[in-house]
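The values are calculated or read from the model by the stated rules, or taken from the named source; none is laboratory data. What you see is a predicted model, and the numbers here were worked out from it, not measured in a lab. Cβ atoms come from the backbone with ideal geometry, glycine included; neighbour counts cover every protein chain shown.
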């Protein structure tokens, strides 16, 4: 039997997935007396609660309890970084749908009726929705932060070319298929078990304990799997879990919360919309000499993870490019939307979009191929390899990736072909672009870079592994299974990953930042090595032979193919299960806890300097698009992608992360549009109106490859994190649209926001091709309110 | 007369009555039967996670098609056999699609997976050798957020056709067929009493077996909702937007699912579903066929009917611009008799039609295109597939010697109902067929409509499309026959 690592071993839940036997929260059969729980939220985006009347609702048959913040025995205020969010609104309501009243009932029918009868009177205040409005009112979450190097003002003064504008990107709903859900099971005295669809069981445990004013040791928080998460269940699983816990606490019955998709989309936070002012200085050759970016994110009503997300934006403002003089400012605005939160890329996509937009604009301005601008500015290997925050970009092979992909994707020829195509008379338009990513791996908050694991071997030689990592589909469990199998040289089928539980693993970090396998895999490996030490000692004594003159030699013991042997006596083998039984009888420990901390990561927020990342995951992607000039309809003709993900632990799983991440990114950049009523109510709150990519949206030609990187020698089995990075390779599609527009924009630089919907594309084509110049005031915003849709933007001319 | 719904699930017989028939089938599966392999995400037929196979009797055979169980109520399922994800793993053996999906990493979080498995298995009921295009087309109604779809396509393409058992092999039909044939001519009447916020409501359900019975029933309960495929009303019910007390199902009504060419007409029965029309149109109305391929999803097309689309009166009903420019006629029947109405006169305002509360659509007829007519249909939506239109258009041209003899233009999504652009049509008549003519017509068309901004698009976008689509039409006609 060969090693498991590096092999395409199926997802550990695949059998359950394809048969429908895999259980998600709402598939768990109802327990005796189990209640269903729902909530009534704020009827307006901003206001003061005048009165709450649920007397009539209480009369509905089947209603067991109705609760407000007054029924909370412990804390009502929480927050992962800044403690500013109320679980149940007390006086002030700060977003539409913010939970105020919790209803527990015997069935959903009763809940539905009762919800209609809860009467909440609110004195409405003026809401703030956009970054622009928030800035006017000085409403921020946390402080503005800065990272800088050199003298950017000087660079602007000296530069031959300067380009300046504002860039807008809208938000994105996670659209995980399993909506937020939790079940709370009350135990004896204060005990409570909570099963939740969460990326962060420890946080769930903590908030529930604080809510109920009990010790964290009274709460067991469990997550078997999630039906998708993408960051949306890193902090936001807390509210439904608390709802279930509060109902269970008061009724002493199991209590289940399952959001409908509509409610989930309406009241949970999303990817942050951004508005970014940028000013770039560059030479006639296209070398960027200075860059200033002022990021403003729309944080929603509460801080959630917004400040950390902004930090990652700032740490990716230069993406893969060396920029000598740079100033990056980041501000989070407080608005009256649900608190925006983590989403694959964690602020990276929004900031990389800005720099890639700048590169496209430089190329249009200089009438050069954007590819040449990119390779000219790309981080070097021996020089030009220090980031604005002082970390050295090492052991990466970005220039090679550019070179190899441009060859295999036939970039130069296709660039010429696109140019030729657009010169023909046609109702169609083409565009092409190649964009890179350099994504830093590690939590930028140092203390989160730790993991622990528990490994137990049973007497038949089978193994259970528990880590703090949660399975949301990304294949973490499968990879850890392979790592552990190889540590003991056994079949991966003899290793099972157990549901994530705070009872087995304490004080765990959320499964996020793409670091799930890095942290938990290495912690599991550490546990395995502790057990191995005992096993190897035993085996060395077992195989030592006086007759053959062999002294016990632990260094000669091999665990391979389900057997243990001394390499000096390879024919004398013991089954792994026999070794385990012997170890048990010898009273050798067959369980261990492992611990891991990422070495060398440290970032000083005050100075904006340090080494926030253990390493970088890199890659490039080429996209070619076809646009219908008269409708703005967009088709992706071809995608070629190349990534350095180190030595893959499971190429099947990793390919899924790459393709899935890329397509999800394309959704953000093209069709996924959050549109709101003027009162802040989300209009696109279900798949009927919120359009994630469909199977028919896949590019006709789709090449995905990885590249060997011999310089990458660190991390678990020399692998690299792969969860988030490919998301940002989708920027090539957006950049290709921008490239296409440059062919109709005459001598102007075409503007394009995110998402580039067919509507946005046609608006731009019309703007640049119609003879009548539109001269209306700019009504651009990072959010889409219905009333703002009819205004057109003033055409801008590049200031030089 | 029966008071229960007779159905089979994975080969097992059920008689369902009372309150239980008034719920989405997915709820019945998950809550009443514990069959939780079928997932519910959107509860509106837009994600496919709840997909199951619907076996319906056609020519003494059970024919299986995929459908969305979340927007199909139990009362629609009389005399049908449903196969769920649990039914595909027969006798403990994985279905070939299941094994292939495991091998190809086709699942990540797994929540959409049962729906994809069932939809893929359903494809093999009709066709053995599938192309990539077939696979994409067949899975258009299923959303996945994790994989990016590629490994799902690869898994289905890798299935060896001879390893896929037909559903009939797994679930022998004869006993079910016999059972159904004995019961399908029964009329059904069922009801239950419900207390909603203190008030008692009697929910009634009728499934008449003859047209006369249905018309009588509708006379007696004029507020009753007719349900055939139910792909719109079920969504409205799930979202709490409508609460019909009385439902009249057309499912057991015979002889209303015909499509035939007779004399100068193509005659279409009201119960003809989109999948059947799509098949029929391939040769007769190729342009219509193109738009039908992006009509909803396979799950929707398998059950949604043409009469439902007409009666639903949506301003963006996908079939309407075509029916408008073709001057289709709709036959309305009631206890008082029958009458024909030109579709162009059918809509009076938003969701307001010529139909009285006692009437039922019993036929749609239209004449095929003649040799001088050229017709183009357009649908612009945010996403090309499985999306409701932002804007739709049908344009029918009669041109001779470079002069426009006659033109009909119908736009959807630009007002409360689908509109004919009579002023623009009048302007175009007798004009030269050239780009400049259509450019001017485009400007005119803008002035003839009053679209609104909504969740799907701005008014401005719709106005621009109204203008541009006439140019697109010009270019498209030229491409076929260089001008």
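Observations
- Members of segment B:44-62 found to be closer than 27 Å to residue A:695 by Cβ and touching a residue at least 40 places away in the same chain (Cβ under 8 Å), listed by number: B:44, B:45, B:46, B:47, B:48, B:49, B:50, B:51, B:52, B:53, B:54, B:55
- Complete set of residues in segment A:383-413 that are surrounded by 20 or more Cβ atoms within 10 Å (Cβ to Cβ) and not in a loop (DSSP other than H, G, I, E, B): A:398, A:401, A:402, A:405, A:406, A:411
- So residue B:123, is it touching a helix residue (DSSP H, G or I) at 6+ places or on another chain (Cβ under 8 Å), surrounded by fewer than 23 Cβ atoms within 10 Å (Cβ to Cβ) and at pLDDT 95 or above: yes
- Lone qualifier among B:102, B:71 - being surrounded by fewer than 23 Cβ atoms within 10 Å (Cβ to Cβ) and farther than 22 Å from residue B:11 by Cβ: B:102
- Segment A:645-656: number of residues that are assigned to a helix (DSSP H, G or I) and more than 8 Å from chain B (Cβ to nearest Cβ): 2
- If the condition is being within 16 Å of residue B:104 (Cα to Cα) and surrounded by fewer than 22 Cβ atoms within 10 Å (Cβ to Cβ), then segment B:154-186 contributes B:154, B:157, B:158, B:160.
- From the options A:349, A:399, A:339, residue that is over 27 Å from residue A:737 (Cβ atoms) and in contact (Cβ under 8 Å) with a residue 24 or more places away in the chain: A:339
- When the test is whether a residue is over 19 Å from residue A:342 (Cβ atoms) and out of contact with any strand residue (DSSP E or B) (no Cβ under 6 Å at 6 or more places or on another chain), residue A:460 passes it.
- Enumerated helices (runs of 4 or more DSSP H) restricted to segment A:128-230, each holding at least 3 residues that are surrounded by 24 or more Cβ atoms within 10 Å (Cβ to Cβ) and within 27 Å of the chain's Cα centre (by Cα): A:201-212
- Some residue of segment A:605-628 being surrounded by fewer than 24 Cβ atoms within 10 Å (Cβ to Cβ) and within 14 Å of chain B (Cβ to nearest Cβ): yes
- Cβ-Cβ contacts under 6 Å between residues 6 or more apart (or on different chains), taken from a first residue in segment A:19-32 that is within 7 Å of another protein chain (Cβ to nearest Cβ) to a second residue that is surrounded by 17 or more Cβ atoms within 10 Å (Cβ to Cβ) and in a loop (DSSP other than H, G, I, E, B), are listed as A:19/B:89; A:20/B:37; A:22/A:13; A:22/B:110; A:24/A:178; A:24/A:227; A:27/B:36.
- Taken as a whole, segment B:101-117 holds at least one residue that is under 22 Å from the mean Cα position of the chain (by Cα) and more than 8 Å from chain A (Cβ to nearest Cβ).
- Between A:568, A:587, the distinction of being outside the structural domain of residue A:716 (by TED's automatic domain parsing) and more than 27 Å from residue A:452 (Cβ to Cβ) belongs to A:568 only.
- Top-ranked residue in segment B:463-476 [being facing chain A (nearest Cβ under 9 Å) and within 26 Å of the chain's Cα centre (by Cα); ranked as farthest from residue B:374 (Cα to Cα)]: B:465
- Residue in segment B:386-403 that is free of Cβ contacts under 8 Å to residues at least 40 places away in the same chain, touching a strand residue (DSSP E or B) at 6+ places or on another chain (Cβ under 6 Å), more than 14 Å from chain A (Cβ to nearest Cβ) and buried (at least 19 other Cβ atoms within 10 Å of the Cβ) present: no
- Unique residue being at pLDDT 95 or above and surrounded by fewer than 18 Cβ atoms within 10 Å (Cβ to Cβ) when the list is B:471, B:465: B:471
- Tally of residues being in a helix (DSSP H, G or I) and in contact with a helix residue (DSSP H, G or I) (Cβ under 8 Å, 6 or more places away or on another chain) across segment A:459-485: 9
- Qualifying positions in segment B:143-159 - in contact (Cβ under 8 Å) with a residue 40 or more places away in the chain and facing chain A (nearest Cβ under 7 Å): B:143, B:147, B:151
- Options A:198, A:268: the member that is assigned by TED's automatic domain parsing to the domain that holds residue A:64, modelled with pLDDT of 95 or more and within 20 Å of residue A:88 (Cα to Cα): A:198
- Evaluated against (1) within 14 Å of another protein chain (Cβ to nearest Cβ); (2) buried (at least 22 other Cβ atoms within 10 Å of the Cβ); (3) under 30 Å from residue B:112 (Cα atoms), residue A:39 falls short on exactly one condition, (1).
- Test result for residue A:732, out of contact with any helix residue (DSSP H, G or I) (no Cβ under 6 Å at 6 or more places or on another chain), closer than 30 Å to residue A:629 by Cβ and in contact (Cβ under 8 Å) with a residue 12 or more places away in the chain: yes
- Filtering segment A:695-708 to residues that are within 14 Å of chain B (Cβ to nearest Cβ) and out of contact with any helix residue (DSSP H, G or I) (no Cβ under 9 Å at 6 or more places or on another chain) leaves A:700, A:701.
- Residue in segment A:657-671 that is assigned to a loop (DSSP other than H, G, I, E, B) and either over 25 Å from residue A:471 (Cα atoms) or at pLDDT below 95 (or both) present: yes
- Residue within segment A:709-728 that is at pLDDT below 95, within 24 Å of residue A:661 (Cα to Cα) and within 14 Å of chain B (Cβ to nearest Cβ) present: no
- Which numbered condition residue B:452 fails, given (1) in a helix (DSSP H, G or I); (2) surrounded by fewer than 24 Cβ atoms within 10 Å (Cβ to Cβ); (3) within 13 Å of chain A (Cβ to nearest Cβ): (1)
- Matching strands (runs of 3 or more DSSP E) fully within segment B:302-364 where at least 2 residues are crowded, with 20+ Cβ neighbours inside 10 Å and modelled with pLDDT of 95 or more: B:329-334
- Segment A:672-689: number of residues that are more than 8 Å from every other protein chain (Cβ to nearest Cβ) and either outside any loop (DSSP other than H, G, I, E, B) or in contact with a helix residue (DSSP H, G or I) (Cβ under 7 Å, 6 or more places away or on another chain) (or both): 5
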